[in-house]
Amino acid sequence: MVATMPRAGLGPASVTRAGAVLADETGLDHLSMGLLAERLGVRTPSLYKHVDNIADLTHRIGVLAMVELAEATGDAIQGRAGSDALVAAAQAIRRFVHEHPGRYAAGNAARCTGPGDPLVPAARRVVDSLSAALRGYGLDPAEQVHALRMLRSLVHGFASLEERLGLVLEETSTDESFHWMIALVDEGLRAGGRIDGPREQSRGTT
């Protein structure tokens with residue numbers, strides 16, 4: 001049975017936040033306007049005064065997730081640099097995935113709807129927070145792009161698999177595996193410009 005909340009003070013922001021909490025509890029795939037209305041103690045049509053439909057609600061939750069992820073990452077790396085900042089940022093993302101799986105899924109699924117979409121600056125804040133975590137490595141701009149994509153992909157993949165499947169191997173804890181992975185990333189980033197990109201020949205050119 002879904003617990004209800006009083007209807008006073010409902011608005012787009014409060015409906016979105018309630019939807020995010022519910023998505024974390026039930027999974028994004030199970031989020032519905034009817035279930036959210038029950039949670040908020042209102043009839044389902046009342047929600048359409050504040051959000052257009054389930055797609056609009058999910059998009060708003062995705063924007064909220066990006067804002068919160070950027071804040072969590074930024075707070076984690078405050079006053080840190082180099083390896084310490086890298087570890088703190090990676091752990092912040094991993095923790096966010098575990099604590100907020102529904103809204104994190106909405107953030108990954110969200111796509112820009114056009115000019116003025118708040119998703120764009122929200123996503124940029126995530127990139128800026130990760131860029132700040134990598135600043136101590138002295139990467140040139142081209143390397144920075146690759147490093148950002150690598151870090152985001154590795155942590156996302158690990159944390160998402162851990163959340164869904166558990167990555168169960170009795171011999172080694174997932175914490176150990178995660179720290180090993182980030183330590184390897186740290187070594188690679190320290191190598192920096194010594195890493196060669198793919199050559200034209202590898203793409204079949206002559």
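With each label modelled as a point 7 angstrom along the Cα→C-beta vector, the Thr44-Glu163 pair spans 2.7 nm. Would you mind checking the tilt of helix 82-99 against the longest principal axis of the Cα atoms of the chain, expressed as 0 to 90 degrees and rounded to 10? So the inclination is approximately 30 degrees.
The phi torsions of the range 10-21, fed into the Karplus equation with coefficients 6.51, -1.76 and 1.60 and a -60° offset, translate into couplings of 5, x, x, 5, 5, 5, 4, 5, 5, x, 5, 4 Hz, rounded to whole numbers, with Gly and Pro shown as x. Label-to-label distance, Gln78 versus His146, with points set 7 angstrom from Cα along the beta-carbon direction: 3.4 nm.
Hey, with R₀ at 35 Å, roughly what FRET efficiency would Arg190 and Glu25 work out to, going by the Cβ-Cβ distance, to 0.05? The formula returns an efficiency of 0.30 here.
Where a number appears in this text, it was derived from the coordinates with a stated rule and is not lab data. From a predicted model like this one, the values you see are computed outputs, not experimental measurements. Glycine gets a Cβ as well: all are built from the backbone with ideal geometry, and neighbour counts include every protein chain shown.
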